[in-house]
Every structure is written in C-alpha cells, then in structure tokens.
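No value in this document is a laboratory result; all are computed from the given coordinates. Quick caveat, the model's predicted, so the values are computed rather than measured. In this analysis, Cβ positions are derived from the backbone assuming ideal geometry, glycine residues included, and neighbour counts consider all displayed protein chains.
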Amino acid sequence: MKRLASLLLLLLSACAPSGPAPERTGTSLPPPELTQQLRTLPGAIVSDGSLPTISYPEQSLFAPAAVMPQVGSEALLDPLVEMLRSRNDRHWQATVRAVSAYGGEYDQRLAAGRARLLERYFIARGLAPGQVTFTAVGEAGTPFELRLLPVQSPSPASSSGEKE
C-alpha cells in the first residue's frame, strides 16, 4: 500500500509545473504610450500610479455652484473625449464632486447635475455609453477626475471553453 501511495505521489508531482507559480493579478497595466498620451491632455493633472488618474483642478471646468461648464471648457473636454474614444478598449470611473456654501443636499444635486451633463456631453461626442461610469459626490475634493479601471483577465473556466 505504501508503494502504491508513493507511486501516485510521484506521478502527481511529475504533472506539477516546476518553479514558482506565475503571479496572477487579474489586471493588465496600461501601455506606456497611454500614460504619455494622458500627459498631453490640456489642463489635466495625471497621477503617477500603476493605473493613472486624470484630474482637473478647481474651477478649470466649473464655476463655483454652477452646473454648466465654464466658457472654453470644450478646449479641455474635447481632447479628453478624443483620447477616450481612441482607447475604447479601456474603461474609466469618473468622480464628479461639488461643494458650495449651500450645504450637503445642494452639493449632491450639483454634483449629480454636473455628472449627467458630462456623461451626455461625452456620449454626444461619440464616446460609447458605459465606457465611463460616472459617480456624483457632494463633498470637497477634485471637481472632476477619471480613474483608469484595470482590465480583468478572463476566468480560467471561461477561457477554456467550460461553462460555469
């Protein structure tokens, strides 16, 4: 019996790959040319993380307590939309923040109005619906930021053709 168990153990170990297992993060880092392209966006500040975040500072897009973008903000938004359209394989999370002297409920409504307006603007300019997911937050912070979402690797079952 010990001999059979040893033989089975030897057989199983021969089937195992040698060396350390590859690290599986489930995400794909953006190509360096995407990061370079982001840095050319007018008025944008780009973070240096593994998944970049694009932010637009106070009053570059919106006047205080205003839903409508400022005159000339198209010069900032149009290049952004064009870049997003050219990278339609990537998805983004947009956070629109607003804070005013009027308080929490107004701030939330203001942020929601800005988010709806930006989403309609992006789609009207040819961005695929759903490529950017918008969240409105009535709090202080960067008024508009986009965070690149990781690309999810297909699950092993779906890539092998097996049904889950």
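Can you pull out every residue in segment 121-147 that is closer than 20 Å to Tyr102 by Cα and without any contact (Cβ under 8 Å) to a residue 60 or more places away in the chain? Of everything in segment 121-147, those that are closer than 20 Å to Tyr102 by Cα and without any contact (Cβ under 8 Å) to a residue 60 or more places away in the chain turn out to be Ala136, Val137, Gly138, Glu139, Ala140, Gly141. Number of residues in segment 126-142 that are within 14 Å of the chain's Cα centre (by Cα) and either crowded, with 16+ Cβ neighbours inside 10 Å or of a type in the set (A, V, I, L, M) (or both): the value is 3. Considering segment 63-101, the residues that are among the hydroxyl-bearing types (Ser, Thr, Tyr) and surrounded by 13 or more Cβ atoms within 10 Å (Cβ to Cβ) include one that is nearest to Gly130 (Cα to Cα), namely Thr95.
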